Amino acid sequence: MVEIKNLKKIYGERTVLDIPGLEFRDGETAALAGANGSGKTTLLKILAGIIKGSEGGFHIPENVLYMPQSSYAFRGDTLRNITISGADRKEALELLEKLELSHLAGKKAKSLSGGELQRLSLCRVLSRKCDLLLLDEPTSACDAKGAELVIKAIKDYQRESGCTVIMSTHSPLLALNAADRLIILNGGKVETDGSPEETLANPETQWAKSFVAGWKI
Amino acid sequence: MESFRQAFELLFPPDRELLQIIGVTLRMSFFSTLISCLIGLPLGSLIGSKSFRGKSFIKKLIHTLMGLPPVVAGLIVYSLFTHYGPFGKLNMLFTVRVMVVAQVMLITPVVIGLTSSFIESASKPVIETARGLGFSGLKTARLCIGEGRSSLFSVVLNAFGRSIAEVGAVSIVGGNIQWKTRVMTTAIMLETNKGKFSFALALGIILLIIAFAVNAVASFIVKENADG
Ligand SMILES: Nc1ncnc2c1ncn2[C@@H]1O[C@H](COP(=O)(O)OP(=O)(O)OP(=O)(O)O)[C@@H](O)[C@H]1O
Ligand SMILES: [Mg+2]
């Protein structure tokens with residue numbers, strides 16, 4: 001289980017994240033939404049141990065994987081970019097196949113397009129095992145087809161491993177198709193928290209209503 | 001033109017004294033670069049990758065030391081190693097070793113400064129990605145070095161370039177003694193002071209050729225192993 005208690009992140013005078021209490025069940029898939037600067041990345045980075053919270057704390061499982069908002073290509077070809085995580089060649093090729101990147105296996109990863117690189121970055125993360133999977137906007141660079149592939153890969157990985165997934169997104173498609181729960185952040189605070197369908201159809205607060213209205217499906 | 005002819009004559013066939021001076025120059029620059037990189041690369045990586053109290057003060061200090069005038073470094077080392085100084089007993093003044101000491105003092109801050117700003121900017125996404133994959137600190141560090149090797153390599157070459165071109169500090173602590181501590185730059189100074197400008201320029205041309213050759217060989221070696 002993931003348990004967040006009184007977690008705050010403060011930069012100078014500004015509190016960019018303020019979560020009195022939030023829990024995630026084992027095996028749950030949650031989507032984090034909210035405007036630019038609402039604290040999605042900050043929350044994921046704190047859980048991933050990349051940055052430290054200013055106050056409060058949290059409890060998470062031992063094995064955590066995190067995919068950053070901007071994907072990084074390591075030196076070398078696409079295949080090496082996956083096997084670098086410790087996966088063997090066969091597993092890596094299967095993942096590439098799944099994300100429809102097989103034809104790029106021998107290409108320099110640095111030469112991949114934005115959407116291709118993002119899918120490669122997902123392959124690299126999914127080549128490892130974990131109990132908690134943190135994804136920062138995993139479909140942000142993908143076209144419709146790419147997003148579909150990413151969603152399927154995430155769901156399959158979740159089903160096979162039973163891990164908890166927390167992912168941030170600006171895509172209603174990802175929230176509706178992959179998540180059991182949608183949390184909308186506003187200025188670092190939880191604005192609404194509920195099922196994606198319910199939240200999109202019937203936003204609880206006035207602010208969430210106007211935010212969701214901007215989400216065209 | 002006269003200088004090019006003289007440079008050519010000095011090199012073909014090689015002048016015995018010139019060869020000795022080049023030898024001292026390369027030996028001094030090699031050890032200065034080696035020692036300052038052994039200290040500066042790890043320290044720079046540490047400062048660049050960690051955040052701690054007093055970091056901005058340390059960075060300001062390093063940036064100041066990066067601009068330390070060579071003659072000042074020379075004077076400090078001179079006063080440390082002079083007969084009555086704290087290290088006078090070592091009897092190292094006017095040796096190549098003390099020239100290396102002075103140069104290490106000059107170059108190490110440069111290596112630290114360049115390494116830390118490189119690590120700070122370029123390694124951030126590497127560290128984030130590697131930590132996100134649950135890699136150990138050791139594996140993350142190895143990846144950072146692997147990903148940034150061409151930048152780190154240019155830090156090393158920069159250090160070497162400074163060392164081979166430097167004259168103020170080595171002339172003070174080395175004394176420009178013929179057959180012993182004379183290096184290319186101090187030889188150029190001497191010839192200039194004697195009024196033999198074209199001969200000085202000839203030496204300058206040879207110094208440039210050496211620097212270029214070292215750079216070329218070094219980048220060839222790195223290219224061979226890198227490719228990526
Ligand atoms: N190192 C930092 N120093 C100061 N402020 C920061 C720092 N990092 C983030 N912030 C601020 O924290 C706030 C939350 O940023 P965060 O990256 O979490 O937003 P986000 O919800 O992920 O936005 P986006 O949708 O654009 O990715 C922003 O206003 C940002 O300016
Ligand atoms: Mg973000």
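Odds and ends about this structure:
- The set of residues in segment A:27-86 being aromatic (Phe, Trp, Tyr) and either part of a strand (DSSP E or B) or more than 8 Å from chain B (Cβ to nearest Cβ) (or both) consists of A:58, A:66.
Yes or no, residue by residue, for (1) at pLDDT below 95; (2) crowded, with 20+ Cβ neighbours inside 10 Å:
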residue: A:1; (1), (2): yes, no
residue: A:9; (1), (2): no, yes
residue: A:13; (1), (2): yes, no
residue: A:18; (1), (2): no, no
residue: A:25; (1), (2): no, no
residue: A:32; (1), (2): no, yes
residue: A:36; (1), (2): no, no
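- Residues satisfying the stated conditions in segment B:77-116, i.e. assigned to a helix (DSSP H, G or I), more than 16 Å from residue B:36 (Cβ to Cβ) and within 18 Å of the chain's Cα centre (by Cα): none
- Qualifying positions in segment B:155-206 - outside any helix (DSSP H, G or I), buried (at least 19 other Cβ atoms within 10 Å of the Cβ) and of a type in the set (S, T, N, Q): B:181
- Positions within segment A:142-186 being crowded, with 16+ Cβ neighbours inside 10 Å, more than 21 Å from residue A:214 (Cα to Cα), under 14 Å from the mean Cα position of the chain (by Cα) and more than 16 Å from ligand 2 (Cβ to nearest atom), in sequence order: A:150, A:151, A:153, A:154, A:157, A:158, A:163, A:164, A:165
- Filter result (assigned to a loop (DSSP other than H, G, I, E, B), within 22 Å of residue A:36 (Cβ to Cβ) and within 14 Å of chain B (Cβ to nearest Cβ)) within segment A:95-152: A:137, A:138
For every residue, the table says whether it meets (1) within 20 Å of residue B:185 (Cβ to Cβ); (2) in contact (Cβ under 8 Å) with a residue 12 or more places away in the chain.
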residue	(1), (2)
B:6	yes, yes
B:11	yes, yes
B:51	no, no
B:59	no, yes
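- Count of residues meeting criterion [small (Gly, Ala, Ser) and surrounded by 18 or more Cβ atoms within 10 Å (Cβ to Cβ)] in segment A:106-135: 4
- Residue in segment B:94-112 that is of a type in the set (Phe, Trp, Tyr), surrounded by 19 or more Cβ atoms within 10 Å (Cβ to Cβ) and either away from chain A (no Cβ under 14 Å) or more than 30 Å from residue B:25 (Cα to Cα) (or both) present: no
- Check on residue A:60, within 13 Å of ligand 2 (Cβ to nearest atom) and β-branched (Val, Ile, Thr): no
- Residues (away from chain A (no Cβ under 11 Å), of a type outside the set (A, V, I, L, M), touching a residue at least 12 places away in the same chain (Cβ under 8 Å) and farther than 21 Å from residue A:64 by Cβ) located in segment B:129-159: B:151, B:153, B:158
- Within segment B:90-128, the set of residues being without any contact (Cβ under 8 Å) to a residue 24 or more places away in the chain and among the charged types (D, E, K, R) comprises B:97, B:124, B:128.
- Residue within segment A:65-73 that is within 11 Å of ligand 1 (Cβ to nearest atom), surrounded by fewer than 19 Cβ atoms within 10 Å (Cβ to Cβ) and under 22 Å from residue A:138 (Cα atoms) present: yes
- Residues of segment A:4-26 that turn out to be within 13 Å of ligand 1 (Cβ to nearest atom) and either within 14 Å of another protein chain (Cβ to nearest Cβ) or closer than 23 Å to residue A:209 by Cα (or both), as a count: 5
- Of the residues in segment A:34-57, at least one is free of Cβ contacts under 8 Å to residues at least 12 places away in the same chain and either within 13 Å of ligand 2 (Cβ to nearest atom) or among the polar types (S, T, N, Q) (or both).
- Residue, surrounded by the fewest Cβ atoms within 10 Å (Cβ to Cβ), within segment A:187-199, restricted to residues that are within 14 Å of ligand 1 (Cβ to nearest atom) and assigned to a loop (DSSP other than H, G, I, E, B): A:187
The values are calculated or read from the model by the stated rules, or taken from the named source; none is laboratory data. Here the structure is a predicted model, which means the values were calculated and not measured. Reconstructed Cβ throughout: ideal geometry from the backbone, glycine too, with neighbour counts over all protein chains shown.
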